[in-house]
Amino acid sequence: MRIVEARVIVTCPGRNFVTLKIVTDEGVTGVGDATLNGRELSVASYLEDHVVPALIGRDPSRIEDIWQFLYKGAYWRRGPVTMTAIAAVDTALWDIKGKVAGLPVYQLLGGRSREGVTVYGHANADDVESVLSEISSYVALGYRAVRVQTGIPGLESTYGVGGDKMFYEPADAALPTENIWSTAHYLEHVPKVFAEVRAEFGPTLKLLHDVHHRLTPIEAARLGRSLEPYALTWIEDPVPAELQEGFRLIRQHTTTPIAVGEVFNSIWDCQELITSQLIDYIRTTVVHAGGITHLRRIFDLAALYHVRSGSHGATDLSPVCMAAALHVDVAIPNFGLQEYMRHTPETDEVFPHGYHFAGGYLHPSEEPGLGVDINEELAARYPYRPASLPVNRLEDGTMHSW
Ligand code: EZ4
Ligand code: CO
């Protein structure tokens, strides 16, 4: 079997997605997500200009070799654009391998380790009262875990809060919106929110909170300590993670578990975090961390050091990424949690898929391959729209964060 074509499809059914579709001479096709929020066209160009020409004529069964060829062959290793492009190729090749074998991809990864993939939903609201009612609706749907974010009194807007209740979208304008951030207001407010949430929902509902890289290590240590009475499952991205060593300081001060990694693109971004046991959950994803092949490598390293998976799963990760993530999640021994946000009906229509939600779990498709596709005719009806993630400044105008 040979690769004869690879198409890069850019579409915007409510938000932008980039998808790679690989076609073989025997008519078997595979899809991979190549979406990098706010930098979509850079990945499309990387694929079209450099990767696709090098794929034509290759044997699609050689997943590992093609991964190594793209990673080492570029000379310029790693980085979000490169690794997202490699991820798209890798994901599409696993899809093809599954279809050729007549097996869902999780079977190729060793088969099931669990009955379903426990997901967490997103309760976002301006104030505590409305966030409690948001959490109730997730509990009513069977969710066992909920991420809780609220507006911060004294701040006009908070990342990821506001807008549509059902469909979360932080990339809100063609050029970055500028928001104001205050650590003092934030650290004062968050423990009060969780005190109320825990009192209302009892001890067993898993509660999570995303800090979005806004703190310094010592501030994050204070936050973690102040949240200890409410037994969170994790605080996420407490500090920017370029300095892996910085997590050691947080660790010395708090037993609140730590999750990080949605912006990581390789095992080298978390090697120290994992091997020094500085985190509890690693949030790398199929689409941004080099595909199923590389993600599995990261999760296997994590398993040796008591670190569990907690993959990113916001709406900017397409249903193609979600389909692939679920095959990994259901197979690995050290699965922790999977983030899950509903896509819009328009997105679901462009990406028909076999995975489904039931009683707090997502279930991967049982079809051969990933069990997801792209409807290219429909995709063509939604042209690309520039969109950027917001930036933060402190009250005096200084660019945040660290
Ligand atoms: O900021 O998906 O945990 N989820 C998040 C998301 C991310 C966006 C970035 O593209 O933090 O809101
Ligand atoms: Co996050």
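Going by the structure shown, is S133 more than 25 Å from G336 (Cβ to Cβ), modelled with pLDDT of 95 or more and surrounded by fewer than 20 Cβ atoms within 10 Å (Cβ to Cβ)?
Against the criterion (more than 25 Å from G336 (Cβ to Cβ), modelled with pLDDT of 95 or more and surrounded by fewer than 20 Cβ atoms within 10 Å (Cβ to Cβ)), S133 qualifies.
Being away from ligand 1 (no atom under 16 Å from the Cβ) and surrounded by fewer than 20 Cβ atoms within 10 Å (Cβ to Cβ) is the filter here; which residues of region 30-57 pass it?
S45, E48, D49, H50, V52, P53, A54, I56, G57
Please specify each residue of region 310-339 satisfying the condition of being part of a loop (DSSP other than H, G, I, E, B) and more than 11 Å from ligand 1 (Cβ to nearest atom).
Selection gives S318, I332, P333, N334, G336, L337.
If T11 passes every condition in (1) without any contact (Cβ under 8 Å) to a residue 60 or more places away in the chain; (2) more than 16 Å from ligand 1 (Cβ to nearest atom) but one, which one does it miss?
Result: T11 passes all but (1).
Within region 251-265, can one find any residue that is more than 16 Å from S311 (Cα to Cα), touching a residue at least 40 places away in the same chain (Cβ under 8 Å), more than 16 Å from ligand 1 (Cβ to nearest atom) and surrounded by fewer than 23 Cβ atoms within 10 Å (Cβ to Cβ)?
no
Within region 157-174, can one find any residue that is away from ligand 1 (no atom under 16 Å from the Cβ) and not charged (D, E, K, R)?
No, every residue in region 157-174 fails to be away from ligand 1 (no atom under 16 Å from the Cβ) and not charged (D, E, K, R).
For region 287-309, enumerate the residues that are away from ligand 2 (no atom under 16 Å from the Cβ), buried (at least 22 other Cβ atoms within 10 Å of the Cβ) and in a loop (DSSP other than H, G, I, E, B).
If the condition is that a residue be away from ligand 2 (no atom under 16 Å from the Cβ), buried (at least 22 other Cβ atoms within 10 Å of the Cβ) and in a loop (DSSP other than H, G, I, E, B), then G290, V307 are the ones that fit.
Do we have P257 as away from ligand 2 (no atom under 16 Å from the Cβ) and not small (G, A, S) here?
Taking the combined requirement at face value, the residue does not satisfy it.
Residues that are among the small types (G, A, S): find the strands (runs of 3 or more DSSP E) completely inside region 1-87 holding 1 or more of those.
Passing ranges, in order: 3-11, 29-33.
Hey, can you tell me all the residues within region 332-347 that are crowded, with 24+ Cβ neighbours inside 10 Å and more than 16 Å from ligand 2 (Cβ to nearest atom)?
The answer is none; no residue qualifies.
(1) more than 16 Å from ligand 1 (Cβ to nearest atom); (2) within 20 Å of R78 (Cα to Cα): which one isn't true of T216, the others all being true?
(2)
The values are calculated or read from the model by the stated rules, or taken from the named source; none is laboratory data. These figures come from a predicted structure and were not determined experimentally. Please note: Cβ atoms are built from the backbone with ideal geometry, for glycine as well, and neighbour counts cover all protein chains shown.
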